[in-house]
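Presented below is the structure to which this report refers.
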Amino acid sequence: MQTPPVDSPPRPPQPRTALRVTWALALCSALLLSLVAVEWRPLTGLDDDIAGTTHRWAVDEPGITHAMRILTDWVWDTWTMRLLCAAVVVWLWLRRGDDRWTAVWLGVTCLLGSLSQQALKAAVDRARPVWPDPVDSAHYAAFPSGHAMTATFVCGLLVWLLHYYGAARAARLAALAVAVVSVAGVGVTRVWLGVHWATDVVGGWLLGSLVVAVAVLVHRRRHP
């Protein structure tokens, strides 16, 4: 008598794949950081071209520029992202009493991500764009973009947590859409406002993604 076939449960992502993604992000981040640090001429030339074009647009379109400043200073500001992360840490601590390690993991990851961002800025010490007619201003060194890096690792971690806790598919897709718009949008605002080079933003995206990848690997070792 033949037994009916039984569908096997879906397999979780393979650890080797996650590790390869992490190494790829690390290599890309290190390569870009090295090229920026040595001021590789083709890269700086591309940055100059992009910055000059977007600055002309920013000067010619004051309405769009004002909207960009609101988005970058309030909606996608680094402190807005950190407060969002802190709120989720508190929620996990209070509502997930059986898994408070995840709350600690999230808080520590966001803290280390922010500290590493400042350390890299100090180490590379890249000058920001300078304009005779600036539309905005910013402090500290340019590389990597703190706004882009912070938005990337905060949004990435929160989207991953929704998947980890088995949120409804509609909620996960909505969160992913918001995360993609936020991460891409904040990068556009920083270049448009003339406070970052394009490669600062790309570096922030890469390094923020690396923070997420390493953090997920650490979490999986604790909760395989």
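The values are calculated or read from the model by the stated rules, or taken from the named source; none is laboratory data. Everything quoted here is computed from the prediction, not taken from an experiment. Neighbour counts are summed over all protein chains in view; Cβ atoms, including those assigned to glycine, are modelled from backbone coordinates with ideal geometry. For accessibility, only protein heavy atoms count, side chains too; no ligands or nucleic acids. Shrake-Rupley method; radii C 1.70, N 1.55, O 1.52, S 1.80 Å.
Residues that are charged (D, E, K, R), open to solvent by 80 Å² or more (accessible area, probe 1.4 Å), over 16 Å from the mean Cα position of the chain (by Cα) and modelled with pLDDT under 95 are absent from the stretch 69-83 altogether. Screening Trp131 with (1) part of a loop (DSSP other than H, G, I, E, B); (2) modelled with pLDDT of 95 or more; (3) under 26 Å from Leu210 (Cβ atoms); (4) of a type outside the set (D, E, K, R) gives one miss only, at (3).
Do the conditions hold for Ala123, that is, is it free of Cβ contacts under 8 Å to residues at least 60 places away in the same chain, in a helix (DSSP H, G or I) and aliphatic (A, V, I, L, M)? Here the answer is yes, as Ala123 does meet what is asked.
Looking only at residues that are within 22 Å of Val104 (Cα to Cα) and aromatic (Phe, Trp, Tyr) in the stretch 151-206, which one is least open to solvent (accessible area, probe 1.4 Å)? The residue in question is Phe153.
When Asp136 is tested against (1) out of contact with any helix residue (DSSP H, G or I) (no Cβ under 7 Å at 6 or more places or on another chain); (2) open to solvent by less than 60 Å² (accessible area, probe 1.4 Å); (3) not β-branched (Val, Ile, Thr), just one condition goes unmet, and that condition is (1). Among the residues of the stretch 100-117, is any open to solvent by 30 Å² or more (accessible area, probe 1.4 Å), among the charged types (D, E, K, R) and assigned to a helix (DSSP H, G or I)? Taking every residue of the stretch 100-117 in turn, at least one turns out to be open to solvent by 30 Å² or more (accessible area, probe 1.4 Å), among the charged types (D, E, K, R) and assigned to a helix (DSSP H, G or I). Listed by first and then second residue, the pairs linking a residue in the stretch 201-221 that is more than 16 Å from Arg20 (Cα to Cα) to a residue that is open to solvent by 40 Å² or more (accessible area, probe 1.4 Å) and in a helix (DSSP H, G or I), with Cβ atoms under 8 Å apart and 6 or more places separating them unless they lie on different chains, are Gly203/Leu33; His219/Tyr164.
From Ala26, Ala30, Ala58, Ala51, which residue is more than 26 Å from Pro129 (Cβ to Cβ), open to solvent by less than 100 Å² (accessible area, probe 1.4 Å) and assigned to a helix (DSSP H, G or I)?
Numbers: Ala30 fails: more than 26 Å from Pro129 (Cβ to Cβ); Ala58 fails: more than 26 Å from Pro129 (Cβ to Cβ); Ala51 fails: more than 26 Å from Pro129 (Cβ to Cβ).
Answer to the selection: Ala26.
Kindly indicate the residue of the stretch 118-133 that is among the aliphatic types (A, V, I, L, M) and more than 20 Å from the chain's Cα centre (by Cα) and also surrounded by the fewest Cβ atoms within 10 Å (Cβ to Cβ) among those meeting that condition.
Taking the stretch 118-133 first, the residues among the aliphatic types (A, V, I, L, M) are 119-120, 122-124, 127, 130.
Within this subset, residues satisfying the condition of being more than 20 Å from the chain's Cα centre (by Cα) are 127, 130.
Details: Ala127: 9, Val130: 7.
Per the criteria, the residue is Val130.
Condition check for Val212 on (1) among the aliphatic types (A, V, I, L, M); (2) over 18 Å from the mean Cα position of the chain (by Cα); (3) surrounded by 20 or more Cβ atoms within 10 Å (Cβ to Cβ): one failure, at (2).
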